[in-house]
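Report on the structure given below.
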Amino acid sequence: MKYCKDFIVVENETITPTLFILKLQYLETLPEIKAGQFVEIMVKGEANVFLRRPISIHDVDKDRNQISLLIQIVGKGTEELSKLKKGESLNLIFPLGNGFTIIGKKVLLVGGGCGAAPLLYLARVLKQNQIKSDILIGCRDIKQLFSKKEYESLSNLHIATEDGSCGIKGLVTSHPILDEDFDSIYCCGPTPMMKAISKLAKERNIPCYVSLEHKMACGFGVCLCCVVDTNQGNKRTCTTGPIFLSSELKDF
Ligand SMILES: Cc1cc2nc3c(=O)[nH]c(=O)nc-3n(C[C@H](O)[C@H](O)[C@H](O)COP(=O)(O)OP(=O)(O)OC[C@H]3O[C@@H](n4cnc5c(N)ncnc54)[C@H](O)[C@@H]3O)c2cc1C
Ligand code: FES
């Protein structure tokens, strides 16, 4: 079931000049939301932003009926969203997409930059299900690191920064946690990083799920602008995905 409803902004937290977290209050009881699902946001006040913008659900607080979104400013739509103030309303279509399928009892989450957005809620769901998780986050420097305390409370956190300001120096692909054995891997972030992690997972026969951020218009299966080439032919990223087993994707 999909909903098209208003949420109220309860907090707009600036992480860096181009990264912010919106905490949003739902005025009814939140429906079930799977980790890895996303929302389509109507951006008001910007005539050039006609289509809704797809954003992953970063976290869910069921007790308070709140969700949070981690957003990077890349253009007009996200810039407009960054100006939202406490008390303002925002219209969302939600929850969209398939969400993660959880396999096994020892899992690794790998995230790069703001693409890691869906992993916080995934780590929360894994902990609620008594599944042991390690999370590896890669970013440019310590200033780009977000939700560190929350990750630490839910999972074993490992960090790689390009300048070595936190965790190991280098890319996530060079982190020693990748030498350990896992039942499954969940990866979100830049495509080259997801391809590198999927390759490594394939070599070790570990199922690897990736979250695709294809361009989307409708977000619920009618415009066909988000198709991706899979082993079973073209699939819509917004409905069959955005989470895919990497071995199903032609490009991976
Ligand atoms: C399922 C899904 C989940 C996403 N989750 C998040 C999230 O949690 N946080 C977040 O910050 N962003 C996320 N994105 C990307 C986000 O939707 C785009 O950055 C946003 O729509 C850009 O809107 P804009 O008006 O600011 O920029 P535009 O003016 O539309 O574009 C500015 C630049 O961003 C690029 N861009 C536009 N749309 C996308 C897209 N879908 N993917 C990649 N690049 C794009 C354009 O090519 C252009 O270079 C997600 C995308 C998808 C499909
Ligand atoms: S975004 Fe319209 S079909 Fe996927």
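No lab work stands behind these numbers, since they all come straight from the coordinates. All of these numbers come straight from a predicted model, not from anything done at the bench. As a convention, Cβ positions derive from the backbone with ideal geometry for all residues, glycine included, and neighbour counts pool all protein chains shown.
Could you work out the local net charge near Glu80, counting Lys and Arg as +1, Asp and Glu as -1, over the other residues with Cβ closer than 13 Å to its Cβ?
+3
With viscosity set to 1.002 mPa s at 20 °C, what whole-number translational diffusion coefficient in µm²/s follows for segment 3-96 from Stokes-Einstein and a Kirkwood radius over Cα pairs?
Using the Kirkwood radius from Cα pairs, D works out to 162 µm²/s.
Pop out the ³J(HN,Hα) list for segment 34-46 in order, Karplus 6.51 cos²θ - 1.76 cosθ + 1.60 with θ = phi - 60°, rounded to Hz; leave Gly and Pro as x.
8, 4, x, 7, 9, 10, 10, 9, 7, 9, 8, x, 9
Counting each pair of different Cα atoms once, what's the Kirkwood radius of segment 106-211 in Å, rounded to one decimal? Could you put the intermediate results ahead of the total?
Values: mean 1/r = 0.0744 Å⁻¹.
Roughly 13.4 Å, rounded to one decimal.
For Ile21, what is the net charge nearby, where nearby means another residue's Cβ is under 12 Å from its Cβ and Lys, Arg count +1, Asp, Glu -1?
Taking every Cβ under 12 Å from that of Ile21, the sum is -3.
Output the pairs from Lys44/Lys76; Lys83/Lys149; Lys195/Lys250; Lys76/Lys215; Lys202/Lys250 with a Cα-Cα distance over 19 Å in this structure; if there are none, say none.
Check vs 19 Å cut-off fails for Lys83/Lys149.
Counting other Cβ atoms within 10 Å of each Cβ, which chymotrypsin sites (Phe, Trp or Tyr not before Pro) in segment 1-99 have at most 16 and sit in a DSSP loop? List each step's numbers first, then the result.
Values: sites: Tyr3, Phe7, Phe20, Tyr26, Phe38, Phe50; in loops: Phe50.
Hits after loop and neighbour filter: Phe50.
Which value at 222 nm does the chain reach when only helices count, each DSSP H run of 4 or more adding -39,500 (n - 2.57), with the total divided by all residues and rounded to the nearest 500 deg cm²/dmol? Let's see the in-between values first.
Details: 4 runs with 37 residues, N = 252.
So the calculated ellipticity at 222 nm is -4000 deg cm²/dmol.
If the only charges are +1 at each Lys and Arg Cβ and -1 at each Asp and Glu Cβ, what is the size of the charge dipole of segment 3-96 around the Cα centre, to the nearest 20 debye?
140 debye
Using alpha-carbon pairs under 8 Å, 6+ residues apart, how would you state the relative contact order of the chain in percent?
18 percent
Specify which residue in the list Ile93, Ile57, Gln37 is farthest towards the positive end of the charge dipole of segment 3-96, using unit charges on the beta carbon of Lys, Arg (+1) and Asp, Glu (-1), about the Cα centre.
Ile93
Tell me the volume per residue, in Å³, of the convex hull enclosing the alpha carbons of the chain.
122 Å³
What is the angle, in °, between the Cα long axis of helix 119-128 and the longest principal axis of the Cα atoms in the chain? Nearest 10 is fine, range 0 to 90.
Roughly 70 degrees, rounded to the nearest 10.
For the pairs Lys2/Lys148; Lys132/Lys199; Lys34/Lys106, note any where the Cα-Cα span goes beyond 28 Å.
Among Lys2/Lys148; Lys132/Lys199; Lys34/Lys106, the Cα-Cα distance tops 28 Å for Lys2/Lys148.
How far is helix 191-203 tilted, in degrees, relative to the longest principal axis of the Cα atoms in the chain, given as a value from 0 to 90 rounded to the nearest 10?
40 degrees
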